[in-house]
Amino acid sequence: MLKQDTNKIEIAGKIIEIEKRTGTKDGIDWISGTVKVETGKDNIIPIGFYSAALTKDKKPNKIYASLQTV
């Protein structure tokens, strides 16, 4: 069985572009997109995100609420 792990990184720079998409699947709203961060001259890092409005337990997802303000 595979072991689940978490990678944490810190990216410092300037946000230069935000693309957001929203939709509904199986009656549950979702949000996804890409944030592009410029960390230096000619160095842009794309960071993808996705979250559904509800958790697996059908409770409001705090990450979804937070991403709506991006």
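Brief remarks on what is shown
- Summed over the stretch 47-61, residues that are in contact with a strand residue (DSSP E or B) (Cβ under 9 Å, 6 or more places away or on another chain), free of Cβ contacts under 8 Å to residues at least 12 places away in the same chain and over 15 Å from residue 27 (Cβ atoms) total 0.
- On the stretch given as the stretch 8-60, residues that are under 17 Å from residue 70 (Cβ atoms), surrounded by 13 or more Cβ atoms within 10 Å (Cβ to Cβ) and touching a helix residue (DSSP H, G or I) at 6+ places or on another chain (Cβ under 9 Å) total 10.
- In the stretch 1-21, the residues that are closer than 15 Å to residue 48 by Cα reach residues that are open to solvent by 90 Å² or more (accessible area, probe 1.4 Å) with C-beta atoms within less than 9 angstrom, at least six apart or across chains, in these pairs: 20/68.
The values are calculated or read from the model by the stated rules, or taken from the named source; none is laboratory data. A quick note: this is a predicted structure, and the numbers were derived from the prediction, not measured. Heads up, the Cβs are rebuilt from the backbone with ideal geometry, glycines too, and the neighbour counts pull from every protein chain shown. Calculation scope for accessible area: heavy atoms of the full protein, side chains included, ligands and nucleic acids excluded. Shrake-Rupley method; radii C 1.70, N 1.55, O 1.52, S 1.80 Å.
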